[in-house]
1. Here are several values of Kirkwood radius over Cα pairs in Å: (i) 12.4; (ii) 14.4; (iii) 16.8. Which one was derived from the coordinates shown?
2. For the chain, just give the cysteines left without a disulfide-compatible partner, judged by no other Cys Cβ under 4.7 Å.
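None of the figures in this text is laboratory data; all of them are computed from the coordinates on show. This structure is a prediction, so every number in the text was calculated from the model and none was measured. Cβ atoms come from the backbone with ideal geometry, glycine included; neighbour counts cover every protein chain shown.
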Amino acid sequence: CLDLEGKLHEFGSSWKTSDCNDCSCSRNGIQCCTSYATPVDYDTEKCESIFNKETCSYKVVEKHDHSKECPVHTWVG
């Protein structure tokens, strides 16, 4: 399989992309999906979500004080 970055992957192999997707190669081609959950149900007036590309995860914090985390009621992904 040839990925979007021009790298060749063997059938049956799997890898994580630089944009946090989990991919696998089969004789049918490449399949990729996100490797992280996205917060969707939290107080957007008071809080904001911040994506950490190194850990491939979101953190939801108060807009005016990033040291305070906000509760998230629903995640999708």
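1. (ii)
2. When partners are defined as cysteine Cβ atoms under 4.7 Å apart, the chain leaves CYS33 without one.
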